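Here's the structure we're looking at; comments come further down.
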Amino acid sequence: MSVKQKRLKLAVNLLQPGIFIEMPGSWSDHPFIFNKFRISSQLQIDIIDKAGYDFVYVNIEKSKATPLPMPHVDLGDDGQDDSELSAKLLALSEAKAQQIEAMQIYRRSLQKCQDNYATALAKVHALTNKIQDRPLEAIETAQGVIGELAEQLSKKGDLVLHLVNDQRNEGDRYSHAVSVCVLSMLIGKYIELKEHEIIELGLAGLLHDVGKLKIPNHIYNSKTIGSEQRRYIIRQHPQYSVELLNNCPEINTNIKQAIMQHHEFADGSGYPKGLKLAQLQGNSLIVSLVNYYEKQRYPYNDDKPKSPAQALSYIYKFKSSLFDPQHIGAFIKTMGVFPPGTYVKLSNGQIGIVMTVTAKNILNPHVMVFDENIQRQEAAIIDTSAEEIKIEQALSAETLQPHVKEYLSPFPNSGIYLG
């Protein structure tokens with residue numbers, strides 16, 4: 001048996017603890033949580049045998065033991081009678097059935113979240129089209145979106161953040177607006193702002209870029225306009241946003257100031273006025289922080305997009321002077337060390353993507369696991385808080401093989417929405 005071979009077919013009676021195996025067939029056919037795992041006890045081998053498997057696949061490189069050199073000879077009573085083994089197999093099978101049912105319920109909640117996100121995008125698209133000609137109607141639509149989000153935030157129980165399919169393309173303002181809105185409200189919730197302040201944050205996040213509607217499209221890509229002139233025009237958009245909203249009595253001074261200041265930074269290096277922390281409206285740096293995070297996730301220049309974890313880490317390590325430390329801390333604690341959309345390596349060696357984070361247990365998110373033998377729509381989604389599996393590290397997309405990345409995240413962009 002050559003150790004150069006990574007995957008071998010091995011008879012069950014040659015197994016022993018420490019060998020890393022892959023179960024043949026479908027994930028739903030066997031009683032174990034994972035298709036691939038390292039055997040930890042003789043009981044697992046007995047259960048594999050009792051379940052009717054003649055062979056499994058072995059990964060030699062990941063194994064801490066070698067297969068037995070010859071078929072194991074049964075010398076008598078091994079202390080595990082058949083009825084006891086059958087009971088344990090039944091218990092594992094029932095637990096697996098419950099897990100499958102739980103995953104089906106979980107997938108329905110994911111789909112509901114995706115549908116709610118799509119509805120919010122449609123409403124933002126509609127209000128953006130109305131904001132110049134029918135501003136009052138547009139603001140009413142915006143208030144409806146914010147009201148629904150505020151209601152979710154106010155519910156008792158754990159706050160849940162789901163990964164959603166963000167289908168934005170270059171220059172897409174709608175997904176960006178929803179994202180800045182949701183994440184700003186989450187930070188406001190975490191630092192225990194009053195309900196009306198959270199609503200103001202949401203409206204500022206949703207409407208912060210509406211002034212870009214007043215900038216002709218050719219300004220962004222015309223070769224006849226110099227870069228300095230282009231920059232100057234684009235940097236007027238906070239003022240344009242406020243001008244569009246001046247005729248809307250529901251948009252108060254706090255909201256307008258947050259919109260005007262969403263490109264300002266605590267150290268005075270922002271625009272349009274270069275204000276410092278003491279000069280800024282109380283919560284405007286929250287919108288500025290989330291807007292900057294979005295810029296790292298979806299850069300509009302030649303910069304390489306960062307993953308959610310990379311974007312948070314970059315801000316914390318290199319750009320903390322631009323923002324309020326309380327807001328940065330709240331952002332990280334809300335999103336988690338491994339935010340939805342983060343590729344991760346698990347303690348059993350498998351690769352996955354974080355699908356859901358709960359506020360009360362940010363270190364143990366739900367992870368969808370890559371397995372080439374299972375169709376993506378049936379892939380195992382594990383709750384790392386309930387299983388003996390932990391996240392070892394975050395992975396960058398560049399380290400993944402293309403087929404793994406496509407399996408885990410087949411859509412080009414991902415977003416986060418309240419579940």
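Read the figures in this text as sums done on the coordinates, not as results from a lab. The structure displayed is predicted, hence computed values, not measured ones. In this analysis, Cβ positions are derived from the backbone assuming ideal geometry, glycine residues included, and neighbour counts consider all displayed protein chains.
Once the Kirkwood radius over Cα pairs is known for the chain, the Stokes-Einstein relation at 4 °C and 1.567 mPa s delivers a diffusion coefficient of 54 µm²/s.
As a quick test, which of the pairs Lys112/Lys194; Lys276/Lys317; Lys214/Lys273; Lys112/Lys256; Lys189/Lys333; Lys36/Lys345 have an alpha carbon distance above 22 angstrom in this structure?
Lys112/Lys194; Lys112/Lys256
Compared with the dominant principal axis of the Cα atoms in the chain, helix 173-190 is inclined by about 80°. For Val164, the residues whose modelled amide H falls within less than 5 Å of its own, excluding neighbours fewer than 5 places apart on the same chain, are Gly415, Ile416, Tyr417. The order of Cys248, Cys181, going from fewest to most other C-beta atoms within 10 Å of their C-beta, is Cys248, Cys181.
Considering every Cα-Cα pair within the stretch 7-67, what fraction, in whole percent, is farther apart than 16 Å? Of the Cα pairs, 32 percent sit more than 16 Å apart. In the chain, taking the dipole from charged Cβ atoms about the Cα centre, the farthest positive-side position among Val182, Ile215, Cys113 is held by Ile215. Counting beta carbons within 10 Å around each of Phe265, Phe20 and listing the fewest first gives the order Phe20, Phe265.
Placing +1 on the Cβ of every Lys and Arg and -1 on the Cβ of every Asp and Glu, with no other charges, gives the chain a dipole of roughly 1720 debye about its Cα centre.
For the chain, the longest piece that avoids every one of the GluC sites (Glu not before Pro) found in DSSP loops with at most 10 other C-beta atoms within 10 Å covers 193-371. Helical content alone sets the calculated 222 nm signal of the chain at -14000 deg cm²/dmol, taking -39,500 (n - 2.57) per DSSP H segment of four or more residues and averaging over every residue. Of all DSSP beta bridges confined to the chain, the antiparallel ones make up roughly 100%.
For the stretch 7-67, the residue among Pro67, Gln42, Phe32 whose Cα projects farthest onto the positive side of the dipole built from Cβ charges is Pro67. The residue list Ser307, Ile382, Leu408 was ranked by how far each Cα lies along the charge dipole of the chain toward its positive end, using unit charges on Cβ atoms, and Ser307 comes out on top.
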